[in-house]
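Everything below concerns the one structure shown next.
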Amino acid sequence: MPHQRCRARTKITAAKTDMRHSPMRRCASERYGLKQMSENRRVVVTGLGAISPVGNSAHEVWENLKNGKNGIGRITLFDTENYKAKLAAEVKDFDPLNYMERNDALRSDRYAQFAVAAADQAVEDSGIAGTVAPEKFSVYFGSGIGGISTFETEHTKLLEKGPRRVSPLFIPMLIANMAAGLIAIKHDCRGSALPAVSACASGSNAIGEAMRMIRHGYADAVISGGSEAPISPSALSGFVNMHALSTSEDPDAASLPFDKRRGGFVIGEGAVSLILEEYEHAKARGAKIYGELCGYGSTCDAYHITSPHPEARGGAQAMKDAMAEAGYTESDSVYINAHGTGTSMNDSIETKAIKLALGEDAARNALISSTKSMTGHMLGAAGAMEALVCLLALRDGIIPPTINLLEPDEACDLNYVPCKAINAKADLALSNSLGFGGHNACLAFRKI
């Protein structure tokens, strides 16, 4: 019987092999303009855009992060008198009318407004408009929560004024895919327009899946990134009651990744967009190239709804997968933009994941920082923000700091570039994102 099963499997494998080369499959590939699935096309970043707590353009963000500017302050979006957490990393001086018509702004949640603005900046920065067939132009944009402020507003109307007063735009403004939809409508992207909804890994998953779309020929360019606007009464209450948020009232002692004093993350908001493009397409049109997205790992701890696996198995594997795809060797100098939230469990377990992925010696030689010390935790936008940081760190040979890291934790014993940026050239930059539900994503970048 074992031999019969083996022969049966051989026949099935042969049939599948024949099917790969069959006229039917070739015709389908030619008809839809797809590349063979085995072909790995190179993917580069040609545009950046940002709306964030530390600036409303990619240039402003990078200048402020290099200089250690803290974007955290007292919450102004609502009265926090009865709330334990008083601080957040809010976007400042943002006017959606710079990017949208008034009616469109009124019909979209704050998270979607951020996304449209960041995408507009990235499209303009890249010069991609008009160079890609609409059918080969896609959008992958992540959001962990979507329109939570819209939910609060309309639910209050329901309770106080009855069902007839709920807006007919409630659902379109609420759903987490609407940012991708609005971006696609504005820029005539007729390929896939999808969200990634994987908590704190949403932005990184959106970028990584967009890379795979281009690699395998389903798109020539993708507007990717992440957006979040979670600074609301219900979100703040939920996070603080699960003991995830810092309750410090000192902006310089609130978001403290890898520090012994850390007591939770600081909630942040904003959006970051990257234009991903097939390398030959970008080169042919003379595009400015920030760097190459050359690796992506996506795993699940399969362990717990909020806690990471104690042995860091999912995070370490995501890093290993991204590094392998990026062609990592021991001679590579590595910069890691850590997930680094400032929660007790995350920071120590991420340290363990880095050691497992790189090996003890290489981990101690790596330069690591958490820019969440300045931006707070932008949730679904965090991975996109940190991808931007990786690209510009590689480009400029500058590693941004983990500010306010004054009392290192013994369980976090690697080089987290405390307090001030340093000049250092890296060959490979990794961006880690570790989300609730056990979602792990790692993006790997090289200078080109």
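The values are calculated or read from the model by the stated rules, or taken from the named source; none is laboratory data. Small disclaimer: the values here were computed from a predicted structure and weren't measured. Neighbour counts run over all protein chains shown; Cβ positions are idealised from the backbone, glycine included. Remember, those area values only see protein heavy atoms, side chains included, never the ligands or the DNA or RNA. Shrake-Rupley method; radii C 1.70, N 1.55, O 1.52, S 1.80 Å.
Roughly how many percent of the accessible protein surface of the chain is carbon and sulfur, given a 1.4 Å probe and a whole-percent answer? Before the final figure, lay out the partial values.
Values: 10000 of 19060 Å².
Summing carbon and sulfur atoms, their accessible area is 52 percent of the total for the chain.
Based on the mean of other Cβ atoms within 10 Å per residue, sort peptides 67-75, 192-200 so the most packed one is first.
Details: 67-75: 18.7, 192-200: 23.3.
Going by the mean number of other Cβ atoms within 10 Å, highest first, we get 192-200, 67-75.
Reachable aspartates and glutamates from residue 186, Cα under 20 Å, same-chain residues fewer than 8 places away excluded?
95, 101, 104, 109, 120, 124, 125, 135, 220, 228, 277
Relative to the present Cα-Cα distance, how much length would full extension add between residue 304 and residue 395 at 0.36 nm per residue of separation? It would help to have the intermediate numbers written out before the result.
Values: separation 91, 0.36 × 91 = 32.76 nm, distance 3.76 nm.
Gain in length upon complete extension: 29.0 nm.
Whole-Hz ³J(HN,Hα) for each residue in region 106-112, computed from phi via Karplus 6.51 cos²θ - 1.76 cosθ + 1.60 with θ = phi - 60°, x for glycine and proline: what do you get?
Couplings: 5, 9, 9, 6, 4, 4, 6 Hz.
Given 136/425; 69/92; 260/355, which pairs have Cα atoms separated by over 23 Å?
Values: 136/425 35 Å; 69/92 14 Å; 260/355 19 Å.
Table pairs above 23 Å Cα-Cα are 136/425.
So with the 1.4 Å probe, I'd like the accessible area per residue for region 156-227, rounded to whole Å². Could you put the intermediate results ahead of the total?
Details: 3110 Å² over 72 residues.
Ligands and nucleic acids excluded, the figure is 43 Å² per residue.
Rounded to the nearest angstrom and ordered from largest down, what semi-axes does the equivalent ellipsoid of region 131-185 get from its C-alpha gyration tensor (root of 5λ)?
Working: eigenvalues 200, 26, 5 Å².
Rounded to whole Å, the semi-axes are 32, 11, 5.
Taking only the C-alpha atoms, wrap a convex hull around the chain and report its volume per residue in Å³ as a whole number. Don't jump to the answer; show the numbers that get you there.
Values: hull volume 79.0 nm³, N = 448.
Once divided by residue count, the hull of the chain is 176 Å³.
By per-residue mean of other Cβ atoms within 10 Å, what is the highest-first order of 330-337, 348-355?
Numbers: 330-337: 18.8, 348-355: 23.9.
Result, highest mean first: 348-355, 330-337.
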